[in-house]
Amino acid sequence: MSSSALSPAAWLHGSRRPAWLSDPKVLRTEVLAGLVVALALIPEAISFSVIAGVDPAIGLFASFTMAVTIAIVGGRPAMISAATGAVALVIAPLNREHGFGYLVAAVILAGVFQIVLGALGVAKLMRFVPRSVMVGFVNSLAILIFMAQVPEMTDVPWPVYPLIAAGLALMVFFPKVTKVIPAPLVSIVILTVITVAAGIAVPTVGDKGELPSSLPMPGLPDVPFTLDTLTTIAPYALAMALVGLMESLMTAKLVDDITDTHSSKTRESVGQGIANIVTGFFGGMGGCAMIGQTMINVRVSGARTRLSTFLAGAFLMVLCVVFGPVVSDIPMAVLVAVMVMVSVGTFDWHSIAPKTLKRMPAGEITVMLVTVACVVATHNLAIGVVVGSITAMVVFAKRVAHLAEVTAVTDPDGTSVIYRMTGELFFASSNDLVGRFDYAGDPDKVVIDLSAAHIWDASSVAALDAIETKYAQRGKTVSITGLNEPSARIHDTLSGELTGHR
């Protein structure tokens, strides 16, 4: 092997020497984390299959292929990608109106779109997502995770509630005894054994749907390969690509913050596309990063490498195909307890503490609340992030606009006046500049000093042109001084071109 080649083991870690190869503790952590995530994925994947209107096996196959593929080609180690509710909601109408073949074709095309968007640098847009939007994203996610458990806690046999309480108690107190084995895994095993041994009748994983008994086989989507098919699936594929990338990149950023590590968002974007193409050819419903399962993997189980992601997908198929009858007996109450703990651990409680709210600017709190409200109302994280980011931009523009000031100083001899502008000149701050000058009362020579200001856009140049025009109509001259280099460049390029005269 050449010095530049990577071994398969290195690919699963993203470096030349995987930590889990040299440290048994890391290996144990990654293996157990993958097992816990696989168990938690099963009911989720089945539920999302129901949303999309497809057989439960389709969602499970998608979760398997997404996790295994993204473990190799993705940019964020330890992040879990699988079938998700957001993707299911996007493609459900296509499946309902045109059939399963069109859904599979849309998944493949969405993967192509994601590769193209990734190559074009769509990941760089993440820099425009403010912290307040990120906090709102995390908090709304925690709320959605909890809300998704509510149906499992309503109109159910009474033993469900003691099982949930017991599961929560085990996950809270067991880590105080030892952290060698993940507490969620201990909770799942102990409570499943008790439920089966005692013959307690409660909803189980098997009640969600039949688990697959064989591995998925690759094939082409059953659709006519025509332009009409392309125009039918393209809008759904593009929507799926955008929603999937948004959730995946936000999740990757969250994992970066939790683990204090950096990940390649461009590689993650392209990797999501590759994973969806593979999933489509194996007849899956597509997917993206799953924040709930990622939090189980990273925050609860302590996983940090690609191995846990790979094993989550591999264990998922093993559990379904080999241990299907055993897995079917797992009480849903135990998995509900796991997800409730994930919800509590995901929520940023510091962000709503009274001390924090007193110090936080009103605009920041507004952005966070708008993000949370949009996500909870639409059950779509992408919509909440977009609306929250737009709100943050409006708040920022309003705040910066108030920093632009104009002060006038008249020479003692009365022959000239100097107007000094300070602050950022852009569309929000420059709109009322024209009204801040005394065109009739000023002397014949007017100087506008911009040494403490910066011109950002055409609106500011147009406002300065309008000021010059109003003085010129009264036979007075205006000179603009103090422009820094970027401001001078935009002013020289646009001045006189926006109103048709100089």
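Looking at the range 21-58 only, could you name the residues that are open to solvent by less than 10 Å² (accessible area, probe 1.4 Å) and over 24 Å from PRO182 (Cβ atoms)?
Within the range 21-58, SER49, ALA52 qualify.
Does GLY136 qualify as being in a helix (DSSP H, G or I), over 27 Å from MET368 (Cβ atoms), small (Gly, Ala, Ser) and open to solvent by less than 50 Å² (accessible area, probe 1.4 Å)?
When the stated conditions are applied, GLY136 does not pass them.
Considering only residues that are farther than 20 Å from PRO43 by Cα and surrounded by 12 or more Cβ atoms within 10 Å (Cβ to Cβ), look in the range 173-193 and name the one that is modelled with the highest pLDDT.
The selected residue is PHE174.
Among the residues of the range 143-172, which ones are modelled with pLDDT under 90, surrounded by 15 or more Cβ atoms within 10 Å (Cβ to Cβ), among the aliphatic types (A, V, I, L, M) and farther than 11 Å from VAL338 by Cβ?
If the condition is that a residue be modelled with pLDDT under 90, surrounded by 15 or more Cβ atoms within 10 Å (Cβ to Cβ), among the aliphatic types (A, V, I, L, M) and farther than 11 Å from VAL338 by Cβ, then ILE143, LEU144, ALA148 are the ones that fit.
Exactly one condition in (1) among the hydrophobic types (A, V, I, L, M, F, W, C); (2) at pLDDT 95 or above; (3) farther than 28 Å from VAL150 by Cβ is not met by MET317; state its number.
Exception for MET317: condition (2).
If a residue has to be in a helix (DSSP H, G or I) and open to solvent by 40 Å² or more (accessible area, probe 1.4 Å) to count, how many in the range 218-235 make the cut?
Result for the range 218-235: 5.
Condition first: open to solvent by 60 Å² or more (accessible area, probe 1.4 Å) and either within 13 Å of ILE143 (Cβ to Cβ) or among the β-branched types (Val, Ile, Thr) (or both). Now tell me which residues in the range 387-398 satisfy that.
ILE390, VAL394
Show the residue pairs that are 6+ apart or on different chains and have beta-carbon atoms under 9 Å apart, the first residue being within the range 25-47 and among the polar types (S, T, N, Q), the second being open to solvent by 40 Å² or more (accessible area, probe 1.4 Å) and in a helix (DSSP H, G or I).
SER47/ALA148; SER47/LYS208
Give me the pairs: first residue in the range 448-462 and touching a residue at least 40 places away in the same chain (Cβ under 8 Å), second residue outside any helix (DSSP H, G or I) and surrounded by 20 or more Cβ atoms within 10 Å (Cβ to Cβ), beta-carbon distance under 7 Å, and six or more apart or on different chains, which are they?
ALA453/MET421; ALA453/LEU425
Answer yes or no as to whether ALA275 is of a type in the set (A, V, I, L, M), out of contact with any Ser or Thr (no Cβ under 8 Å at 6 or more places or on another chain) and at pLDDT 90 or above.
Spelling it out, it is not the case that ALA275 is of a type in the set (A, V, I, L, M), out of contact with any Ser or Thr (no Cβ under 8 Å at 6 or more places or on another chain) and at pLDDT 90 or above.
From the list LEU238, LEU215, which residue is assigned to a helix (DSSP H, G or I) and either in contact (Cβ under 8 Å) with a residue 12 or more places away in the chain or open to solvent by 60 Å² or more (accessible area, probe 1.4 Å) (or both)?
Within the list LEU238, LEU215, the selection yields LEU238.
Tally the residues that are assigned to a helix (DSSP H, G or I), surrounded by fewer than 22 Cβ atoms within 10 Å (Cβ to Cβ) and of a type outside the set (A, V, I, L, M), restricting the search to the range 316-345.
Total satisfying the criteria: 5.
I'd like to know if the range 66-85 contains one or more residues that are open to solvent by 10 Å² or more (accessible area, probe 1.4 Å), outside any helix (DSSP H, G or I) and of a type in the set (D, E, K, R).
yes
If you go through the range 15-43 one residue at a time, how many are assigned to a helix (DSSP H, G or I) and out of contact with any helix residue (DSSP H, G or I) (no Cβ under 7 Å at 6 or more places or on another chain)?
Residues that pass the stated criteria total 5.
Run GLY384 past the list (1) over 30 Å from GLY136 (Cα atoms); (2) buried (at least 17 other Cβ atoms within 10 Å of the Cβ); (3) touching a Gly at 6+ places or on another chain (Cβ under 9 Å) and report the number of the one that doesn't hold.
Going through the list (1) over 30 Å from GLY136 (Cα atoms); (2) buried (at least 17 other Cβ atoms within 10 Å of the Cβ); (3) touching a Gly at 6+ places or on another chain (Cβ under 9 Å), GLY384 breaks only (1).
Pull out all pairs, ordered by first then second residue, where Cβ-Cβ is under 8 Å, the residues are six or more apart or on different chains, the first lies in the range 195-206 and is closer than 17 Å to ALA337 by Cα and assigned to a loop (DSSP other than H, G, I, E, B), and the second is open to solvent by less than 60 Å² (accessible area, probe 1.4 Å) and charged (D, E, K, R).
Hits for this filter: PRO203/GLU152.
May I ask you to verify whether VAL376 is among the aliphatic types (A, V, I, L, M), closer than 25 Å to LEU60 by Cα and assigned to a helix (DSSP H, G or I)?
no
Which residues, counting only those in the range 255-313, are of a type in the set (S, T, N, Q), more than 16 Å from MET66 (Cβ to Cβ) and outside any loop (DSSP other than H, G, I, E, B)?
Result: THR259, THR266.
Where the second residue is basic (Lys, Arg) and part of a helix (DSSP H, G or I) and the first is touching a residue at least 12 places away in the same chain (Cβ under 8 Å) and lies in the range 385-406, which pairs have Cβ atoms under 6 Å and are six or more apart or on separate chains?
As it stands, the answer is VAL406/ARG436, since those pairs meet every condition given.
Tell me yes or no: at least one residue of the range 294-301 is touching a strand residue (DSSP E or B) at 6+ places or on another chain (Cβ under 8 Å) and of a type in the set (D, E, K, R).
Scanning the range 294-301 turns up no residue that is touching a strand residue (DSSP E or B) at 6+ places or on another chain (Cβ under 8 Å) and of a type in the set (D, E, K, R).
The values are calculated or read from the model by the stated rules, or taken from the named source; none is laboratory data. Note that the structure is a prediction, hence the values are computed from the model and not measured. We place every Cβ from the backbone using ideal geometry, glycine too, and count neighbours over all the protein chains shown. The protein model used for the area step is the full one, side chains on, heavy atoms only, and it has no ligands, DNA or RNA in it. Shrake-Rupley method; radii C 1.70, N 1.55, O 1.52, S 1.80 Å.
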